[in-house]
Amino acid sequence: MTVISVDTRRQTYPVGIESVAIGAIEREVPVGEAPALAPNQLLAVIGKPVLRADGRSKVTGAARFTVDVTLPGMLHARLLRSPHPHAQVLAIDVSAAERHPDVRAAHLLTTVVGRAVESAPKGSASGAVPQRRVLYVGDPVAAIAATTPQGARAALDLIKVEYRPLPFVVDIDDARAPDAPLVFDGPVHGENYAGGPAGGPEPPQRGNVRGPNHTGSRGDVTQGFAQADFVVEGEFRTQVQTHCCLETHAVVADWRPEMLTVYLSTQYAAGVRNELASAYGLPRSRVRVIVDAMGGGFGSKSSAGNYVRAAVALSRIAHAPVRLVLERDEEQLDSGNRPATVQRLRVGATRDGRLTAISVDAYGTAGVALGAGVGNIAEALYECPNFAIAQHDVFVNAGPGSAMRAPGNVPGAFALEQVIDELSEKLGMDPLVLRERIDSNPVRREERRIGAQRIGWSERHAPGADAGSVKRGLGMAQSYWGANVQLNSACEVRILRDGSVEVLSSVQDIGTGISTVLTQVVAEELGLRPVDITLRIGDTEFPSGPPSYGSMTTASITPPARNAAHRALTQLFEVAAPAVGVAAGQLIARGGRIESSAGLRGISFREAAARLPADQISAIATRSEDYGGFARKMGDMASARNHLGGVQFARVAVDTETGIVRVERIVAVHDCGRPINALQAESQIHGGILQGISYALFEQRIIDRAAGHVLNANLEQYKILRSREMPAIEVVVLENYQGMSSTDAYGVAEPAIIPTAPAVANAVYNAVGARMRELPMTPANVLSALDRIGRRS
């Protein structure tokens, strides 16, 4: 047996919240890790509002998106999609399409991904696959590649498909009925189920309902509710929200004998490479995925979906590159969505505000997919000894859901944070006072303090107290999200003989600014400016980078980037030491120079690099474990001991005659460990807030229950937040040092959207005295709520 030991050393790190107090903590750190960083105010580059590294290329149009990729001999592809919400595919004839003069390849999608997998019927041969059925309008059936986009479109009309329509159901309540048409003939399985990743015994499935999943339950809620002096309960409904990426899903696939190269708008280049290698039986060394600029993903561009596989298959058949770009209606029908939910919450508490029990009974629909849970926010946000949860997937004949910014916790927070506010009213407590009693997290305590002061919480009045038809109110809500890390994250840093520096990783920048963050981290370590750093990212030819979802990118890739820079710099010190006249261990890098730590002598960084014995030196580092250890590890994935939070306050105006809700102001206070670039963090939070307001007030996929068709598969009838509905937004980003890695940085994208809708809903209640239990809070829903309590103006 071989025992591998890791040499460690002890280092002292700053710890604490900058606006409260900074202390120190000692950590055991693996040898080779960069030394501890000082607080941001003492650093030259990290923590500073550096402008985006890709800003110029984007505003000038130089940035290359997937739709800008043009290869010699490239073909254009289109997908044929089902016009039926549910049907048996009896026959497909593509011969007429293949005879079209522009057509070079046709491909039948006999198997599809991204949905629940139906088990083989009992008595069938081992491994038998059920006959192909289309399960929703927009389900892909076939693909065509032609020399022109017009030819591909015309060829689709020549494909003859014989369908046998089947009964269907598209409404979550209808689908739960015992006699509802079945979406799947029998049991299904998949990578996810309601509430989390698959694992353990398969949950039961009755009709279209699969569950319950009780993961997270603890204690005895029956006893807890018996101990309660007050119990609050309610049913809450949230709608399907689509991702609405400005750049639709797009791919250019180029299959060659020596290499499959895929240019793709994706949030996980390395993951897509692995998927395609597995799907086509190729070694990973023969699959290359390239990601240049991206126009949004929000979770929908995380894998090699059907459109990617279709493009690859067509390229393989045609022996030519193939471009496939989804149109807007396809994007709305079949690129993923945030599942709809129906949640029943009960919360019990004693007179002094101590929680005794929380129970959640949730049904969610991700269409024909799994994973429509309400997250773990009710389980984890507040201190409560007894918690019970039952989460269920409900299948309907609609496009498959997928991860969308803070999956689960966004609809979960909408219900939980309103029930907590209702409980505070029943207890006669200020909502902030109750949260002080049931949430001892010191970071959120400081966030509540700052946010309340900035929004003017002390001026908050009783619900519905304003005179006149337009009433204003204040509300607040909190967020909870795990601080996730992808351990299979690596970065290479090269120092070249001319003094230039390269950073290489397959990590992709999806618009959130990780490219800028990487230049800051490496520049800080090397004593250079961010503009001195050349980035080469978004290409699987480079060391494997993490995905850009789950608020894990910064936490995963910045420590190896800094550690690789540190190791490369250590090599440069060895070369520069004779010229400076001190030992390598006495050198520091700052201000573009390599100097003795005493500051007596030094040479420029460029002069030091010129002394290299070879054209370059380089170092590769992989993400090490958090210095304080992880809360849990799941293969390459891990969760830090401390989670991510945030508190948001909202001020709204509600017109009780029209039902129109206008969000006037949001104050958001968030933490992400050490902010590498507070300006970009603020931008992320702005985006989460705006997306959250859009979810709260406007967005809703509408399906005709009689025909099964989506009625607003566009950006005209599918309403989203516009510029004139944007509120004044004030963001405060805390510096929360924890001493967990060489950068101590985490993400903020998910926490930024979680509390927005419940903060707005609580503000609406404070304005008019009517509780909003359903999203979106359209004028019709607001007027209906007012009618229920008889409070129209």
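Scanning segment 15-67 for residues that are without any contact (Cβ under 8 Å) to a residue 24 or more places away in the chain and not basic (Lys, Arg) yields ALA21, GLY23, ALA24, GLU26, GLN41, LEU42, GLY55, VAL59, THR60, GLY61, ALA62.
Considering segment 616-635, the residues that are in a loop (DSSP other than H, G, I, E, B) and at pLDDT 95 or above include one that is surrounded by the fewest Cβ atoms within 10 Å (Cβ to Cβ), namely GLU625.
So that you can scan it fast, the table gives a plain yes or no per residue for (1) among the acidic types (Asp, Glu); (2) at positive phi:
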position: ASP229; (1), (2): yes, no
position: TRP255; (1), (2): no, no
position: THR261; (1), (2): no, no
position: LEU282; (1), (2): no, no
position: SER285; (1), (2): no, no
position: GLY295; (1), (2): no, no
position: HIS319; (1), (2): no, yes
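Given the options GLU525, GLU574, GLU502, name the one that is over 29 Å from CYS245 (Cα atoms) and either open to solvent by 40 Å² or more (accessible area, probe 1.4 Å) or of a type in the set (Lys, Arg) (or both). Checking each option against the conditions leaves just GLU574.
Per the conditions (1) modelled with pLDDT of 95 or more; (2) surrounded by 17 or more Cβ atoms within 10 Å (Cβ to Cβ); (3) in the same structural domain as LEU333 (by TED's automatic domain parsing), the sole criterion not satisfied by ILE159 is (3).
Looking across segment 379-401, just one residue is open to solvent by 10 Å² or more (accessible area, probe 1.4 Å), in contact with a His (Cβ under 8 Å, 6 or more places away or on another chain) and more than 16 Å from ARG344 (Cα to Cα), and that is ALA380. The sole residue among HIS709, HIS670, HIS686 that is surrounded by fewer than 20 Cβ atoms within 10 Å (Cβ to Cβ) and within 20 Å of GLY511 (Cβ to Cβ) is HIS686.
Give the residues of segment 360-370 that are out of contact with any Leu (no Cβ under 7 Å at 6 or more places or on another chain) and either open to solvent by 10 Å² or more (accessible area, probe 1.4 Å) or on the phi < 0 side of the Ramachandran plot (or both), sorted by residue number. Matches in segment 360-370: ASP361, ALA362, TYR363, GLY364, THR365, ALA366, ALA369, LEU370.
Tallying residues that are open to solvent by less than 30 Å² (accessible area, probe 1.4 Å) and either farther than 15 Å from GLU525 by Cβ or free of Cβ contacts under 8 Å to residues at least 24 places away in the same chain (or both) within segment 577-594 yields 5. What single numbered condition from (1) open to solvent by 10 Å² or more (accessible area, probe 1.4 Å); (2) among the polar types (S, T, N, Q); (3) more than 20 Å from the chain's Cα centre (by Cα) fails to hold for ASN376? Only one criterion is unmet by ASN376, namely (3). Residues in segment 614-647 that are among the β-branched types (Val, Ile, Thr) and out of contact with any Gly (no Cβ under 7 Å at 6 or more places or on another chain): ILE617, ILE620, THR622.
Let's see how each residue does on (1) outside any helix (DSSP H, G or I); (2) in contact with a Gly (Cβ under 7 Å, 6 or more places away or on another chain); (3) closer than 21 Å to LYS58 by Cα:
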| position | (1), (2), (3) |
| --- | --- |
| TYR263 | yes, no, yes |
| ALA279 | no, no, no |
| ARG288 | yes, no, no |
| VAL308 | no, no, no |
| ALA311 | no, no, no |
| LEU314 | no, no, no |
| ILE317 | no, no, no |
| ALA320 | yes, yes, no |
| LEU324 | yes, no, no |
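Check segment 301-323 and report whether any residue there is in contact with a Phe, Trp or Tyr (Cβ under 6 Å, 6 or more places away or on another chain), of a type in the set (Lys, Arg), open to solvent by 20 Å² or more (accessible area, probe 1.4 Å) and not assigned by TED's automatic domain parsing to the domain that holds PHE230. Within segment 301-323 (the criterion being in contact with a Phe, Trp or Tyr (Cβ under 6 Å, 6 or more places away or on another chain), of a type in the set (Lys, Arg), open to solvent by 20 Å² or more (accessible area, probe 1.4 Å) and not assigned by TED's automatic domain parsing to the domain that holds PHE230), the answer is yes, since at least one residue qualifies. Taking the listed residues VAL209, VAL183, VAL188, VAL169, the one that is at negative phi, at pLDDT below 95 and either outside the structural domain of ALA369 (by TED's automatic domain parsing) or open to solvent by less than 20 Å² (accessible area, probe 1.4 Å) (or both) is VAL188, with no other qualifying.
Give me the residue from segment 279-300 that is among the basic types (Lys, Arg) and surrounded by fewer than 18 Cβ atoms within 10 Å (Cβ to Cβ) and, out of that set, farthest from the chain's Cα centre (by Cα). The qualifying residue farthest from the chain's Cα centre (by Cα) is ARG286. Candidates SER742, SER683: the one that is closer than 22 Å to SER551 by Cα, in contact (Cβ under 8 Å) with a residue 40 or more places away in the chain and within 23 Å of the chain's Cα centre (by Cα) is SER683. Comparison of GLU258, GLU235 shows that the only residue that is farther than 23 Å from LEU109 by Cβ, in contact with a helix residue (DSSP H, G or I) (Cβ under 9 Å, 6 or more places away or on another chain), at pLDDT 95 or above and part of a loop (DSSP other than H, G, I, E, B) is GLU258.
Checking GLU750, GLU725, GLU735 one by one, the residue that is closer than 25 Å to ARG454 by Cα, buried (at least 23 other Cβ atoms within 10 Å of the Cβ) and touching a Ser or Thr at 6+ places or on another chain (Cβ under 9 Å) is GLU750 and no other.
Quick grid of which residues meet (1) within 30 Å of LEU246 (Cβ to Cβ); (2) in contact with a helix residue (DSSP H, G or I) (Cβ under 9 Å, 6 or more places away or on another chain); (3) of a type outside the set (Val, Ile, Thr); (4) part of a loop (DSSP other than H, G, I, E, B):
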{"residue": "GLY739", "(1), (2), (3), (4)": "no, no, yes, yes"}
{"residue": "VAL748", "(1), (2), (3), (4)": "yes, yes, no, yes"}
{"residue": "ALA761", "(1), (2), (3), (4)": "yes, yes, yes, no"}
{"residue": "PRO776", "(1), (2), (3), (4)": "yes, yes, yes, yes"}
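Look at (1) more than 30 Å from LYS426 (Cβ to Cβ); (2) touching a Gly at 6+ places or on another chain (Cβ under 7 Å) and you find that ASP704 fails only one, number (2). The criterion of at least 2 residues that are touching a residue at least 24 places away in the same chain (Cβ under 8 Å) and more than 23 Å from LEU612 (Cβ to Cβ) is met, among strands (runs of 3 or more DSSP E) falling completely within segment 468-560, by 470-478, 484-486. Criterion first (open to solvent by less than 10 Å² (accessible area, probe 1.4 Å) and under 16 Å from GLY550 (Cα atoms)) does ALA638 satisfy it? Yes; evaluated as a whole, the condition is true for this residue.
Look at segment 415-431: where a residue is in the same structural domain as LEU345 (by TED's automatic domain parsing) and a partner is at pLDDT 95 or above and open to solvent by 30 Å² or more (accessible area, probe 1.4 Å), sitting 6+ places away or on another chain with Cβ atoms under 6 Å, you get LYS426/PHE230. Criterion applied to ALA357, ALA415, ALA388 was being touching a Cys at 6+ places or on another chain (Cβ under 8 Å) and on the phi < 0 side of the Ramachandran plot, and the one residue passing it is ALA357.
The values are calculated or read from the model by the stated rules, or taken from the named source; none is laboratory data. All values reported here derive from a predicted model rather than from experimental measurement. All Cβ positions, glycine included, derive from the backbone under ideal geometry; neighbour counts span all protein chains shown. What goes into the accessible areas is simple: the full protein's heavy atoms, side chains included, and nothing from ligands, DNA or RNA. Shrake-Rupley method; radii C 1.70, N 1.55, O 1.52, S 1.80 Å.
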